[in-house]
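The values are calculated or read from the model by the stated rules, or taken from the named source; none is laboratory data. It should be emphasised that the depicted structure is a prediction, and the values quoted were computed from it without experimental measurement. All Cβ positions, even for glycine, are placed from backbone atoms using ideal geometry, and neighbour counts span all protein chains on display.
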Amino acid sequence: MSPHPDSTVVDQQSGSALSSNADDAAAMLVGAVKRYGSGQSTVVALDDVTIAFPAGKFTAVMGPSGSGKSTMMHCAAGLDQLTTGRAFVGNTDLSTLDDRALTMLRRERIGFVFQTLNLVGTLTAEENICLPLTLSGRRPSDGVLDQVVSMLRLGDRMRHRPAELSGGQQQRVAIARALVARPHVVFADEPTGNLDTRSGQEILGYLRSAVDKHHQSIVMVTHDPNAAAWADHVVFVVDGRVHDVMDRPSADSVLDVMKGLGR
Amino acid sequence: MSQMVRSAARSVFASRGRFLLTGTAITLSVAFLVATLVLADSMRGRAASDIAEAFAGTDAVVQGVSLGEPGGGPGDPARSVRQSLDPDITERVVAVDGVDRAASQWSGFAKLVVDGSTVGTGTASDVGRNWVADPALNPFRLASGRPPTEVGEIVIDRSLADDAGVAPGDVVQVLTATGMHDATITGIATFASADAAPLQRTVLLPDGAASAWLDMAAPTEVLVDVAEGADRTEVLGRLSALSDAEVVDGPDYIRTMQDAATSPLQFLNVFLLAFAVVAILIGVTIIFNTFALTVARRRRESGLLRAVGAERRQVLGGVVIEAAFVGTIATLAGLVCGVAGVGALRWVVGLTGVSLITGPTIVSPISIAIAATVGIGATILSAWIPARRAAATPPIEALRESAAEPRVVSRARTASGLVLAAAAIAGGAVAVVDSNPVWLMLAAAIVPALVLCGPAIVTASARWSSPAARRAAGVSGSIATGNLAASPRRSASTALALMLGTAMVTVFSIFASSLTSAVGTDVREGLRADLVVTSATPDFSTIDPTLAGRIAELPDVDSVTALSIAEGVVAGKAQAIGGIDPTALPTMYDLDPIAGDLADLSSGGVAVVGDDPARLGGTLEVEFERSTIEAPIVAVVERSTGGFEAPAYFVDRATLDGSVGRLLDAQVFVDLADGAVADAEEDVSALVRDTPGAFLATQEEHVASSGSEIAAFGNFIDGMLILASFIALLGVANTTALAINERSGEIGLLRAVGASRRELRRIVRLEAALLSFVAASIGIAVGAGFGGAMIDVAGGAEIPSVVVPWLRLAVTLIVAVAAGVVAAAWPAFRVSRVPVLELVSRDR
């Protein structure tokens, strides 16, 4: 089934097209609404958001605390269910999938990098990297594992367990795991949030080169303008709505917008 | 303080889920412990106090001169053998100066028969006594009806009346040494206030019938009431001057009776004590585990409290109050569940019918105190130890996300465990070589050795099984083994409870199979007869002596011979003496003579059971109640006739009858003519069915049922062990479920990267199965080693060889692993409920 949203996805305020063609989208939200609770205490985390994350590009999602940026990512990635609206990964409508199919989707078409608790403590780095593949009974295709491992310079760490790795190394293993299955899209939730500046820059460099060299689609939630500056586009989220979209961002320009959002 | 109480209570209610699990663990442990203690108390019963109460009015007892003390092992009579008193002993006692009143006490075998079938099975003896008219001296009290006055009238104890469903006025029969007698029940009696005398079913006869029915010429004992004002010591002195009699002081008599009533349970007590110890260990282990799992969370909590300015003392106080709160509520629930559980168990197993528990369920304050102390104490200690450590760490360190437990197993711990294990094995080896039970104490050090080595064992088994698990279950297998190794101490202590449980099962299985085999071997190898008629109870002969003759007259019956057994004393020890027909027996039961000739028994000789042919030609003195024989040893045989009461000596039937009077038969062997086996068997069966106190078995059935007394007892112990294993497995379930709580972040991650619910459940099941397998294998190995050594050293002549029931042990292993998987069902359900977002929402 192929999604045909009513209009080309355009951000209402700025008018800048995030993606000129919906078929180019790595992931997409259409009329997405997410409400928590009911009655008086209802919190609207996503308020009718329609957005497409372009394929083969590095998109950063920014916004103040509680803006709904994380919820947006969770819903787009099938980790959370929308109250109304639809979420697509490629051409697949997530709302039509049951738990089992969602599991398969996460296993085969989505890569994840989280801020912490990224690795299974009882498995070695190599086992962690191959986890999504082994879960679906596959082996990493020839060269892909070597390519990813050498790109992330993890060659000498493959037999170590997470507890024996530094924070930066752990995040590199997590990125390797996210990339090795060649997923349709990688979602990264504050991947540098727990790291020092140098390790953080290194990690962002790896994400950047995955996009540049292998046309990987990456969506990253962050609150750090320096991290957002590595992306191709930055989506600003405020009060559950898309507030602005910026192409070819720099740390300064992102910071200016953030200041304008009242921070 | 009240502020702290309130905050603790709030914290309990705020994290209900966690405390529900912890509370469940405590409740289970306390319930098991209190059930074990209550069961033990109820089995021991109130025998001692009942006996003291029943004989409270008796100042002294005149008895026959003691010939030999009871041997105590299987195959030896439990009572001491005494010479008969003079028929006029009571008149002579009354005539002694200072004796106010004296009452003759006759006792012998009597079994109640209702509608042609005997009443009562199991371990209690069937006793006939005379009704003592003097209420001060009568141990029995009339509960309803009237005392028996005429021959043909009887009073029975209340538990017999309940079992048989009879009431005063009913017409029944009584089987005694002189055969079957018709009787009318005139009343129901209690032994002091108990339904029955300890381990006895009693039929009370009028004075006249006691002598005639029980086939006794003189009373067994004379109960004496010393006149008021007379000096008891002086009266006792005068009584002891009576010829051919011995006198015991009232309190000494009561003590002897109490010992006799409780000694058959000594063996049981050892097991019950072992259960109680295992129950405490399992309980403490489960509680400790449960709290150890929440350490990480606790560390963060206390770190936060310390950071905002709480003193170390305040943090600790809060934890202790919290633990006391949970511990008390859960312990109370456990006490209720435990006592209710015993009631349910009695009802389900019908223990009363097996008469291991004859009285009411006894819940002693001591049992409650022990269980409550263990429950609340272990809870507070389990909470306090980690909390103290947490309070000692700087607040910031505690706040930081940190591993709950070091993965590294302490080398010193493992080393000291290995030293202990080596010492235990050496102790067992020395005990076997030296046949010295003292060394077994050292062998028991295997338990602390297991506690110390546990983490290393778990880590090692996880590492070894990892490749196999990976091959069998892919990455799920790796994760499962990894989880075990990730928290070796928790895994080890979870396994410990199961290990102890299976070790106990194994020790008992080996004990039971060795004993059964020892008791059954003779029958298995010696029996040649087609059919065997057996007595209703193993410790009394109950077969009508005319039955053998009547069977012999049936068509197609080739030959018939009977075995009678009497108690005699040889070299100061009470022994069972068999009376046989030396010409007829060998074709139907091969006693395997290794020296001499059994045929010479008919000329007044005696055959010795043993393996020393050199005893041939000696003489043997056997003292019976009424006479003494001195006989030449004319044969040495290697086999006896089997069972618990197997004779150690054989004489000719005529010799035995001449020495002790007319006897009922213990067993009758029947050989059928070749050919018409089925019809002939039916004829014999019909005849035996009409004879109360006699049961018919084929050769195969008799071989199979030899040692079945032990099997019946074994079933009961098995029940308790199943209970222990069940609790241990619930512990596995509980700790696994809690571990899932603690690992929810990682589980969320697995879900996020594409592990399905089924895979997560599989991981949990694998983990439980692997842990159960390791625990059960080690438990079985240790139990086999220890049990084998114990029986080899302490078994003596009664259990000459260790028989390992391999099939049973294999089944135990399979059941343990299967139960581990079943126990994982709940945690597996919980794991599939952990939401994917747990991972992400945790840090928000």
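Consider residue A:179 carefully, then state whether it is within 13 Å of another protein chain (Cβ to nearest Cβ) and either within 21 Å of the chain's Cα centre (by Cα) or free of Cβ contacts under 8 Å to residues at least 12 places away in the same chain (or both). Before you say what the answer is, go through the steps one by one.
Values: within 13 Å of another protein chain (Cβ to nearest Cβ): yes; either within 21 Å of the chain's Cα centre (by Cα) or free of Cβ contacts under 8 Å to residues at least 12 places away in the same chain (or both): yes.
Taking the combined requirement at face value, the residue satisfies it.
Tell me, which helices (runs of 4 or more DSSP H) lie completely within region A:29-135 with 2 or more residues that are crowded, with 20+ Cβ neighbours inside 10 Å, facing another protein chain (nearest Cβ under 8 Å) and in contact (Cβ under 8 Å) with a residue 40 or more places away in the chain?
A:125-135
Residues in region A:243-263 that are surrounded by 15 or more Cβ atoms within 10 Å (Cβ to Cβ) and in a loop (DSSP other than H, G, I, E, B): how many?
Qualifying residue count for the region: 2.
Enumerate the helices (runs of 4 or more DSSP H) found wholly within region B:276-363, keeping only those where 3 or more residues are out of contact with any His (no Cβ under 7 Å at 6 or more places or on another chain) and at pLDDT 70 or above. Give the steps one after another, and end with the answer.
Working: elements: B:295-307, B:312-349, B:351-354.
Here the list reads B:312-349.
Determine, yes or no, whether residue B:836 is among the β-branched types (Val, Ile, Thr) and either part of a helix (DSSP H, G or I) or modelled with pLDDT of 80 or more (or both). Steps first, answer last, please.
Numbers: among the β-branched types (Val, Ile, Thr): yes; either part of a helix (DSSP H, G or I) or modelled with pLDDT of 80 or more (or both): no.
Spelling it out, it is not the case that residue B:836 is among the β-branched types (Val, Ile, Thr) and either part of a helix (DSSP H, G or I) or modelled with pLDDT of 80 or more (or both).
Any residue at all in region A:223-242 that is closer than 24 Å to residue A:150 by Cβ and surrounded by fewer than 18 Cβ atoms within 10 Å (Cβ to Cβ)?
No - not one qualifying residue is present in region A:223-242.
Give region B:381-417 a look and list any residue that's within 14 Å of chain A (Cβ to nearest Cβ) and modelled with pLDDT of 65 or more, or say none. It would help to see each step written out before you state the result.
We begin by selecting, within region B:381-417, every residue within 14 Å of chain A (Cβ to nearest Cβ); these are B:400-408.
B:408 - this is the single residue of region B:381-417 that is within 14 Å of chain A (Cβ to nearest Cβ) and modelled with pLDDT of 65 or more.
Here is a yes/no grid of residues against (1) within 21 Å of residue B:104 (Cα to Cα); (2) in a strand (DSSP E or B); (3) charged (D, E, K, R):
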position	(1), (2), (3)
B:166	no, no, no
B:169	no, no, no
B:172	no, yes, no
B:175	no, yes, no
B:180	no, yes, no
B:183	no, yes, no
B:190	yes, yes, no
B:196	yes, no, no
B:202	yes, yes, no
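In region B:464-487, what residues are more than 9 Å from chain A (Cβ to nearest Cβ) and of a type in the set (S, T, N, Q)?
Once the filter is applied, which keeps residues that are more than 9 Å from chain A (Cβ to nearest Cβ) and of a type in the set (S, T, N, Q), region B:464-487 yields B:465, B:466, B:487.
Looking at region B:496-507, I want the residues that are outside any helix (DSSP H, G or I) and have a partner that is at pLDDT 80 or above with Cβ atoms under 8 Å, at least 6 apart or on another chain. Which pairs are those?
Partner pairs satisfying both residue conditions: none exist.
List every residue pair whose Cβ atoms sit under 6 Å apart, with the two residues 6 or more apart in sequence or on different chains, where the first one lies in region B:420-447 and is in the same structural domain as residue B:789 (by TED's automatic domain parsing) and within 18 Å of residue B:799 (Cα to Cα) and the second, anywhere, is surrounded by 15 or more Cβ atoms within 10 Å (Cβ to Cβ) and of a type outside the set (Val, Ile, Thr).
none
Among the residues of region B:747-765, which ones are aliphatic (A, V, I, L, M) and more than 7 Å from chain A (Cβ to nearest Cβ)? Please lay out each step first, then the result.
Residues of region B:747-765 that are aliphatic (A, V, I, L, M), as a first pass: B:747, B:749-750, B:752-753, B:755, B:760, B:763-764.
Correct list: B:747, B:760, B:763, B:764.
For (1) in a helix (DSSP H, G or I); (2) surrounded by 21 or more Cβ atoms within 10 Å (Cβ to Cβ); (3) in contact (Cβ under 8 Å) with a residue 24 or more places away in the chain, each residue gets a yes or a no:
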position: B:767; (1), (2), (3): yes, yes, yes
position: B:778; (1), (2), (3): yes, yes, yes
position: B:791; (1), (2), (3): yes, yes, yes
position: B:801; (1), (2), (3): no, no, yes
position: B:813; (1), (2), (3): yes, no, yes
position: B:816; (1), (2), (3): yes, yes, yes
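Test of understanding: among B:235, B:224, which residue is in the same structural domain as residue B:178 (by TED's automatic domain parsing), touching a helix residue (DSSP H, G or I) at 6+ places or on another chain (Cβ under 7 Å) and buried (at least 18 other Cβ atoms within 10 Å of the Cβ)? Working first, answer last.
On the way: B:235 fails: touching a helix residue (DSSP H, G or I) at 6+ places or on another chain (Cβ under 7 Å).
After applying the criteria, what remains is B:224.
How many residues does region B:32-51 hold that are farther than 21 Å from residue B:331 by Cα and either acidic (Asp, Glu) or in contact with a Cys (Cβ under 8 Å, 6 or more places away or on another chain) (or both)?
Count: 1.
Looking only at residues that are aliphatic (A, V, I, L, M) and at pLDDT 90 or above in region B:138-161, which one is surrounded by the most Cβ atoms within 10 Å (Cβ to Cβ)? Give the steps one after another, and end with the answer.
First, the residues of region B:138-161 that are aliphatic (A, V, I, L, M): B:142-143, B:151, B:154-156, B:160-161.
The next check asks that each one be at pLDDT 90 or above; those that pass are B:142-143, B:154-156.
Values: B:142: 17, B:143: 15, B:154: 24, B:155: 27, B:156: 31.
It comes out as B:156.
Given the structure, is residue B:420 modelled with pLDDT under 80, surrounded by 18 or more Cβ atoms within 10 Å (Cβ to Cβ) and assigned to a helix (DSSP H, G or I)? Write out each step before concluding.
Working: modelled with pLDDT under 80: no; surrounded by 18 or more Cβ atoms within 10 Å (Cβ to Cβ): yes; assigned to a helix (DSSP H, G or I): yes.
Spelling it out, it is not the case that residue B:420 is modelled with pLDDT under 80, surrounded by 18 or more Cβ atoms within 10 Å (Cβ to Cβ) and assigned to a helix (DSSP H, G or I).
Of the residues in region B:731-760, how many are at pLDDT below 75 and charged (D, E, K, R)?
Total meeting the criteria: 2.
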